1. What is the one condition in (1) exposed (fewer than 13 other Cβ atoms within 10 Å of the Cβ); (2) within 21 Å of the chain's Cα centre (by Cα); (3) under 17 Å from E244 (Cα atoms) that D195 does not satisfy?
2. Within the range 249-266, track down each residue that is at pLDDT 90 or above and exposed (fewer than 13 other Cβ atoms within 10 Å of the Cβ).
3. When the range 33-48 is examined, which residues are found to be in a loop (DSSP other than H, G, I, E, B) and surrounded by fewer than 16 Cβ atoms within 10 Å (Cβ to Cβ)?
4. Among the residues of the range 62-100, what is the count of those that are more than 26 Å from P31 (Cβ to Cβ), hydrophobic (A, V, I, L, M, F, W, C) and at pLDDT below 80?
5. For the structure I just gave you, tell me whether L20 is hydrophobic (A, V, I, L, M, F, W, C), more than 21 Å from the chain's Cα centre (by Cα) and buried (at least 18 other Cβ atoms within 10 Å of the Cβ).
6. Return the total of residues in the range 147-178 being closer than 22 Å to A45 by Cβ and either of a type in the set (D, E) or loosely packed, with under 12 Cβ neighbours inside 10 Å (or both).
Amino acid sequence: MKVYKLILNGSIGNAKLNRLGDETFLTADAPKNTSPEFLTGHSKAWYELHRFIYNDPKTSDSYTASVRYFNLIQGVTINTENYVLNYPLYQAALKEIRKSGYVLDEKDLYGTEKNVKDKRELFELTQKVLAKIHRAAEEETMLAHKTAAEILGYFENIDMEDELEASDIRDLINSIQAFYQSCFAAGINIDIIDDAKLKKLKDSASETAKAMIILQKDHTDEDDISILYDFSSNPIDAVLPFLEMLRKADNDVDTVYEQMQNEKETLTRKGSRNENEDPRFEQQRADLEALLTELKEV
């Protein structure tokens, strides 16, 4: 149960799934993640499962119940805030947990002592969580692939099987920056993405490329917990600023291209009537042709 909480809460950190130990099971749970970075990026099923776990009152008892289970009772005192751990028993249990792949078998639930109410309730809660895990893993993977495909659609000759490198990201941002500079120089009235924002995106290109590896990954042969573990760091959210910039730039290119085409037609009509009297029209039309050529390459 605790492993699922840490993963869904984005609190698993850099710990390897097959090497989770004392720092995971013998420390109190992190509070419910409500940070802005956590609240965007994941799938709907992920957030629903996260709320389900943290809204259940038994969730807060999981750490205490686990420690109490391995506690060596001193004298006649049972209820205490200080525990002496039966470490060999804990290590044996940890070995079995790792071997199970963090999946609770139904026979483990049915074999639980019926008179240990809090333990059974935690097992039952875990079973409910496991019943929802597959949907969360499936939706997260679908959202990841959809997001990755949209981003890769802005690149030439790079698809889901190819690795998107940081240099590819920076090159595309440079092209977009050149587009906005051309618009500014031509006096086009458009909401230009400022250089500071583009620089920030270029500086984070390596992180974006790392996140894209996870988004593009084929998770077909992986179990659900491994999939959720991959997405615990919220890689979808990591690429959203880049994707939002691409969407805006793409829309701006279409808008400016349409404006320039209309302006070109206007100048052409005027030039056909006044070309002998005012040669500026021919120069403006040539400038627009050059800008239109640049826009086609963005």
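The values are calculated or read from the model by the stated rules, or taken from the named source; none is laboratory data. Computed from a prediction, not measured in an experiment: that's the story for all the values here. Glycine also receives a Cβ, built like all others from the backbone with ideal geometry; neighbour counts cover every protein chain displayed.
1. (2)
2. N251
3. Answer for the range 33-48, where residues must be in a loop (DSSP other than H, G, I, E, B) and surrounded by fewer than 16 Cβ atoms within 10 Å (Cβ to Cβ): N33, T34, S35, P36, E37, L39, T40.
4. 5
5. Yes, satisfied.
6. The qualifying residues number 1.
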